[in-house]
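Peer 1: Attaching a single structure in structure tokens format; questions to follow.
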Amino acid sequence: MAEAASRLRSLAEQLLGVPLPVRLRTWDGSEAGPPDAPTLVVRNRRALRRMLFKPGELGLARAWVAGDLDIEGDLYTALDAMAGLVWERGEDSRTLAQALRDPEVRAAGRELLKLVGPPIPPAPPREEVRRRRHLHTRRSDKQAISHHYDVGNDFYEIVLGPSMVYSCAYWEDGGSLESAQRDKLELVCAKLGLKEGQRLLDVGCGWGSMAIHAAREHGVSVVGVTLSQEQAVYARKRVADEGLADRVEIRVQDYRDVVDGPYDAISSIGMAEHVGAERYLEYASNLYALLKPGGRLLNHQIARRPQRDETAYETDRFIDAYVFPDGELAPIGTTVTQLERAGFEVRDVESIREHYARTLRQWVARLEADRDRAVRLTSPGRTRVWRLYMAACALAFERNRIGVNQVLAVRTPEPGTSGLPLRTRTWNS
């Protein structure tokens, strides 16, 4: 009988219709494929059963999270090589149903079944969230946020570093992650034009970094809201340690329940991805109502590329099941349109896509450097989720599959005076 790696490689190439771009090593110790390529390690037959019962990205993700699959060699090179098979097949790619009409593919499928062993579907890893319809109610949003952010503050300290900023940094050549995150916070403050004595609402305040920076460096009073209990506890301690309790209030509160406007400015950094397409106009309208006339919103948000048929858009199955339940991405044009529909005047859009790729690579490096501790704080599966998620996202930003944008919008009063300088990009000088 042929070695498992050779059989599996041949079957995979028949099913996929293209050469497999990585080397394979299987549970019997056999190897097949390009000698210089990264190695995809198939530790057991259970990995194949996971992919058989959930073909595509989710089956691969389950096998990875459970430890049934691994990669030896450079993770980025391996993911980049496999992207065309998993993430970048395009809208015109052949579906599984179409592929199975090919007699040779059906024959390969029968051979794969013989290799797989008993056809019993393995249970999903415990880190997986049961897939559900994206409701975006207050209760479902709180559950989704808790899944993602209440992993443990010690774990996030490993990944994010002392800044505890979980969004794209703003890099200068030679700068550190810490300085790049400080520069990002200052960039947001500059775009908002913060002045001493003003009120700032920080929506999705995370561990309090933006609120603390704005209060300490610009003398504003800040209300930060989050749905994560663990974030709030951590942020409140940081605020107290900085001596800013008289200027910064951290609330566990849904943004839809904030009623103590008006505010001079609102920052929303990496939060709007959780809102959902059906709720986005409501989100924008609520923030518009909370601003005083002339007030500014800085909306910092990940964007996806538009599709020819937008009704066919589906969320990434791995991220929805393991990372951001109910998270949704929209094209930047859709975001701008919704902000304008809510009444905002959009004054500036800045893409900082390459900055996020660099940020994510730093986070992956931090996680890999302290992986054993991360496993102790969470679980082997959770650590594998984060390593794969961040590395794959870094490549997605580098390849322009997704982007990130800062949108500056104003609640321009009726006479039309926006309050912005004639040359707005002075904040980049």
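Peer 1: What are the residues in region 189-204 that are open to solvent by less than 10 Å² (accessible area, probe 1.4 Å) and either under 20 Å from the mean Cα position of the chain (by Cα) or aromatic (Phe, Trp, Tyr) (or both), if any?
Peer 2: ASP202, VAL203
Peer 1: Further, regarding this structure: Restricted to region 11-34, and to residues that are assigned to a helix (DSSP H, G or I) and free of Cβ contacts under 8 Å to residues at least 24 places away in the same chain, which residue is farthest from ARG62 (Cα to Cα)?
Peer 2: GLU13
Peer 1: If I ask for residues that are among the aromatic types (Phe, Trp, Tyr) and closer than 21 Å to VAL188 by Cα, which ones from region 241-286 would you list?
Peer 2: TYR255, TYR263, TYR283 - these are the residues of region 241-286 that are among the aromatic types (Phe, Trp, Tyr) and closer than 21 Å to VAL188 by Cα.
Peer 1: Mind telling me which of the residues GLY333, GLY294 ends up being of a type outside the set (S, T, N, Q), surrounded by fewer than 22 Cβ atoms within 10 Å (Cβ to Cβ) and on the phi > 0 side of the Ramachandran plot?
Peer 2: Criteria check complete, one pass: GLY294.
Peer 1: From the list VAL165, VAL159, exactly one residue is out of contact with any strand residue (DSSP E or B) (no Cβ under 6 Å at 6 or more places or on another chain) and part of a loop (DSSP other than H, G, I, E, B). Which is it?
Peer 2: VAL165
Peer 1: Ok, one more. Which condition number does ARG279 fail, the rest of (1) in a helix (DSSP H, G or I); (2) open to solvent by less than 20 Å² (accessible area, probe 1.4 Å) being met?
Peer 2: Of everything listed in (1) in a helix (DSSP H, G or I); (2) open to solvent by less than 20 Å² (accessible area, probe 1.4 Å), ARG279 misses just condition (2).
Peer 1: Given the conditions (1) part of a loop (DSSP other than H, G, I, E, B); (2) touching a strand residue (DSSP E or B) at 6+ places or on another chain (Cβ under 6 Å), which single one is not true for GLU196?
Peer 2: (2)
Peer 1: TRP171 versus (1) in contact with a Ser or Thr (Cβ under 6 Å, 6 or more places away or on another chain); (2) within 22 Å of GLY403 (Cα to Cα): which is the lone unmet condition?
Peer 2: Of everything listed in (1) in contact with a Ser or Thr (Cβ under 6 Å, 6 or more places away or on another chain); (2) within 22 Å of GLY403 (Cα to Cα), TRP171 misses just condition (1).
Peer 1: For region 1-42, enumerate the residues that are within 18 Å of GLY73 (Cβ to Cβ), of a type outside the set (A, V, I, L, M) and touching a helix residue (DSSP H, G or I) at 6+ places or on another chain (Cβ under 9 Å).
Peer 2: Selection gives PRO19, PRO21, ARG23, ARG25, THR26, GLY29, SER30, GLU31, GLY33, PRO38, THR39.
Peer 1: Would you pick out the residues in region 199-218 that are in a helix (DSSP H, G or I) and β-branched (Val, Ile, Thr)?
Peer 2: ILE212
Peer 1: A further question follows. If I filter region 35-50 for residues that are under 17 Å from THR383 (Cβ atoms) and assigned to a helix (DSSP H, G or I), do I get at least one hit?
Peer 2: Among the residues of region 35-50, not one is under 17 Å from THR383 (Cβ atoms) and assigned to a helix (DSSP H, G or I), which makes the answer no.
The values are calculated or read from the model by the stated rules, or taken from the named source; none is laboratory data. These numbers were taken from a predicted model, which means no experiment stands behind them. FYI the Cβ positions are ideal-geometry reconstructions off the backbone, even for glycines, and counts take in every protein chain you see. We work out accessible area using only protein heavy atoms, side chains counted, and drop any ligands, DNA or RNA first. Shrake-Rupley method; radii C 1.70, N 1.55, O 1.52, S 1.80 Å.
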